[in-house]
Amino acid sequence: MITRRLASPDAVLFDLDGTLIDSAADIAAACNHALVAHGRAALSEETIRRFVGDGARVLLARAFALAVESPELDAALASFHAYYEAHPVVHTTLLAGARESLDACRGRKRILATNKPRGTMLLILEALGIGGDFDAVRGGGDGPLKPDPFTLLSALDEVGVAPSRAWMVGDGPQDVGAGKAAACAATIAVLEGFVDPARLHAMEPDVIMKSLLEFPALLHSAS
């Protein structure tokens, strides 16, 4: 679904989890490691998928049913990070259309803007061979998390592109919200990620795609 004709961008910002990569199983494994290590029962992957999108601490707060600021989460978060950094890509793969979408953006600035912890993000990019595809990367710890626009604006400033010349592509309300708050030229939502499609529709992005397989044609059709 396209709500308006789009202008061709000078930069494209991509989310990571659920947009470029299918990382649900590895996130769930790291979360369950933290739960079990701290005396809690493991949860199903489907349950954990619903907790993803707002950073590792919020993920664990939801899994542990604790307040985000609870000091009990500090040790759990350390367990989560240690496990995930040791097992970043046991099951994680590029999603269909990810490689083609990154290739379609050649000649434009390509930016990764994710709430995933930066250390794990860098390990995944290296393991999947896409670290060199980005002109700038931002992850958890680089500033306020999406939907705050800080990381988008910071990365765009680094590559010298105005938000009005950039598209934001992601699978979550956080991505659409950040793109709108940054005044990006377009917000593009991908339905095959972690989020209930109804939540994405409610954010009223400029484009809704079933998967990134549709993205190259959208980019080429922009005026």
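Just so you know, all these numbers are worked out from the coordinates, no wet-lab data involved. Note that the coordinates shown come from a computational prediction; the quantities given were computed from them, not determined experimentally.
Apply the Karplus curve 6.51 cos²θ - 1.76 cosθ + 1.60, θ = phi - 60°, to the phi angles in region 13-21 and return the couplings in whole Hz, x for Gly and Pro.
9, 10, 6, 10, 5, x, 10, 9, 10
For the chain, what is the convex hull (Cα atoms) projected area averaged across all directions, in square nanometres?
Mean shadow area of the hull around the Cα atoms is 11.0 nm².
Could you check how many percent of all C-alpha pairs in region 24-86 are farther apart than 20 Å?
In whole percent, the share of Cα-Cα pairs in region 24-86 beyond 20 Å is 10.
Can you run phi through the Karplus equation (6.51, -1.76, 1.60; θ = phi - 60°) for region 132-145 and list ³J(HN,Hα) in whole Hz, with x for Gly and Pro?
Whole-Hz 3J(HN,Hα) from phi for region 132-145: x, 7, 10, 7, 7, 9, 9, x, x, x, 8, x, x, 7.
Which of the helices in the chain meet the span-like rule: DSSP H, Cα axial reach of 30 Å or more, Kyte-Doolittle mean at least 1.0?
Helices meeting the span and hydropathy rule in the chain: none at all.
Search the structure for amide H atoms under 5 Å from the amide H of N115, placed 1.01 Å from N in the peptide plane, and list their residues when 5 or more places away or on another chain.
L16
In deg cm²/dmol and to the nearest 500, what is the mean residue ellipticity at 222 nm of the chain if only DSSP H runs of at least 4 residues count, each as -39500 (n - 2.57), divided by the residue total?
That calculation yields -12000 deg cm²/dmol at 222 nm.
What is the Cα radius of gyration of region 127-223 over 2.2 N^0.38 Å, N being its residue count?
Scaled against compact globular proteins, the figure is 1.07.
For H91, what residues show an amide H to amide H distance below 5 Å, using hydrogens built from the backbone and excluding near sequence neighbours?
D26
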